1. Would you mind getting the accessible area per residue of the chain, heavy atoms of the protein chains only, 1.4 Å probe, in Å²?
2. Hull surface divided by four, with the convex hull built on the Cα atoms of the chain: how many nm²?
3. Check which residues have an amide H placed less than 5 Å from T89's amide H, if you skip close sequence neighbours.
4. What ³J(HN,Hα) values, in whole Hz, does the Karplus curve 6.51 cos²θ - 1.76 cosθ + 1.60 give for segment 102-113 when θ = phi - 60°, with x put for Gly and Pro?
5. What percentage of the solvent-accessible surface of the chain, computed with a 1.4 Å probe over protein heavy atoms, is contributed by carbon and sulfur atoms?
6. Which distance in nm do the two modelled labels at T67 and L118 give, with both placed 7 Å along the Cα-to-Cβ direction?
7. From the phi of every residue in segment 49-55, what ³J(HN,Hα) in whole Hz does the Karplus formula 6.51 cos²θ - 1.76 cosθ + 1.60 yield, where θ is phi - 60° and glycine or proline is x?
8. Karplus couplings for segment 6-11 from phi (6.51 cos²θ - 1.76 cosθ + 1.60, θ = phi - 60°), rounded to Hz, Gly and Pro as x?
Amino acid sequence: QVQLVESGGGLVEPGGSLRLSCAASGGVFINDMAWYRQAPGKGRELVARISRGGTTNYADAVRGRFTISRDNTKNTVDLQMYSLRPEDTAVYYCNARIPTTSPGDLIAWGQGTLVNVLS
């Protein structure tokens with residue numbers, strides 16, 4: 001029922017900024033939303049997560065540089081990235097957890113958007 005559509009990736013110089021956006025379609029109720037990333041040759045890792053109530057947590061590597069935010073009315077989540085480093089280069093994925101009437105949550109993923117920080 002839900003589709004996550006991402007935008008905002010691109011090519012930036014070290015120290016630059018990007019803002020990633022993700023919109024969930026269908027008007028679905030969403031619990032947690034998060035951004036993950038996967039660098040070449042590495043597994044997918046959590047970057048930042050935000051609860052429906054606004055509680056956030058960040059990976060140590062991005063804390064203080066990235067900010068996650070959401071709009072519950074629009075069902076969007078953004079990731080504002082400052083002071084980007086070459087090691088931030090990865091495909092970034094939007095993630096959402098949707099409560100269901102059955103045990104466990106439905107987990108949705110975006111298609112990924114590439115962030116390429118020049119070295």
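1. For the chain, the per-residue accessible area is 52 Å².
2. Value for the chain: 7.3 nm².
3. V117
4. 8, x, x, 9, 7, 10, 10, 10, x, 7, x, 9
5. Values: 3030 of 6200 Å².
For the chain, the apolar C and S fraction of the accessible surface comes to 49 percent.
6. In this crude label model, T67 to L118 measures out at 2.7 nm.
7. My calculation for segment 49-55 gives 9, 9, 7, 4, x, x, 6 Hz in order.
8. Karplus values, whole Hz, x for Gly and Pro: 9, 7, x, x, x, 9.
The values are calculated or read from the model by the stated rules, or taken from the named source; none is laboratory data. On a predicted model such as this, the values are computed, not experimentally measured, just so you know. Positions of Cβ are generated from backbone atoms using ideal geometry, with glycine treated the same way; all protein chains shown enter the neighbour counts. Just so you know, the surface numbers come from the protein's heavy atoms only, side chains and all, with ligands and any DNA or RNA stripped out. Shrake-Rupley method; radii C 1.70, N 1.55, O 1.52, S 1.80 Å.
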